[in-house]
1. Please give, to one decimal in nm, the separation of the simple spin-label points placed at R22 and D240, each 7 Å out from Cα toward the Cβ.
2. Per residue and in Å³, how big is the convex hull formed by the alpha-carbon atoms of the chain?
3. Could I have the simple spin-label model distance between Y91 and E65, label points 7 Å from Cα toward Cβ, reported in nm to one decimal?
4. Expressed in nm to one decimal, what extension gain is obtained for the pair V139 and D218 from 0.36 nm per residue of sequence separation less their Cα-Cα distance?
5. How much net charge surrounds F103 when only other residues with a Cβ under 12 Å from its Cβ are counted (Lys, Arg +1; Asp, Glu -1)?
6. Angle, helix 136-145 long axis vs. longest principal axis of the chain, Cα atoms, 0 to 90°, nearest 10?
7. Calculated from DSSP H runs of 4 or more alone, at -39500 (n - 2.57) each and per residue, what is the 222 nm mean residue ellipticity of the chain, nearest 500?
8. Restricting things to alpha carbons, tell me how big region 1-59 is in terms of Rg and Dmax, in Å.
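Every read-out reported here was derived from the displayed coordinates using simple, explicitly stated rules and does not represent laboratory data. Values in this document were obtained by computation on a predicted structure and should not be read as measured data. Cβ coordinates were reconstructed from backbone atoms using ideal geometry, including for glycine residues, and neighbour counts include every protein chain displayed.
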Amino acid sequence: MFDYDSELARYQERLSQALGIRRGDRVLDIGCGTGLTTRDAARAAAPGSALGVDVSGPMVARARELARTERVRNVEFVEADAQGHDFRPGYFSLGISRFGTMFFSDPVVAFATIGRALRPGARFVQLVWQAADRQEWHVAIKAALSDGHPSAMPTSAAGDPFTMADPQVISDVLSAAGFTAVDVVEVCEPVYYGPDAERAHAAVLQLGMAKELIADLDAVPVERALDRLRVTLDAHDTGDGVWFDSRAWLVIAHRP
């Protein structure tokens, strides 16, 4: 399982600063993955609580395991698609998401569902990626694995992570879903793939986009692609880890 928490550690810090969680908050975390954001929110909200929602069964199982290990008792996790989940209306005082809202089949319906789960006046704070061509990690890794021809890159079966890349689209979708006072701010942080190039190589090959790019290749083209990936990762090995530049939007919207 790819370690998104390590990859996004710098963004986790920026998100935490923006949340402003208060004691007693009831936090809803959309696309929680293995639950780091949810557990952190639960600790900050105590004696309140946090609920993490994700479509991935293995990630939710891992989130529950980590919560037990860390003895975070005011947290729950649900395996579900937030778009159609039956949340308790008006229950949550804060909604959050760290790169977990870009894959909805109908984003207006999804955000309207989330909005109904929030109490009046609550904020929904999320991070989403800017456009693909503004992500060094995306461009460099895919170019390496596709022989430098981005036009040959397939669309991921996991969905497009850049559907919320346009600030106007973000504002329009959230407004149509019933949110108000939508604020979109640029946030730029590097993303991390491992302590050295060799371990970063193993990590990248766990990504869906990497698997898809080499899935239909014969042995010799695969080996060439992996060699190009090693060169790319070596070039980004700072001596303090393998890092790539990235750009995101921090989005804050309000439930009227």
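1. 3.7
2. Convex hull of Cα atoms, per residue: 123 Å³.
3. In this crude label model, Y91 to E65 measures out at 2.7 nm.
4. 26.1 nm
5. So the surrounding residues net to -4.
6. 40
7. Helix contribution divided over all residues of the chain: -11500 deg cm²/dmol.
8. 11.5, 33
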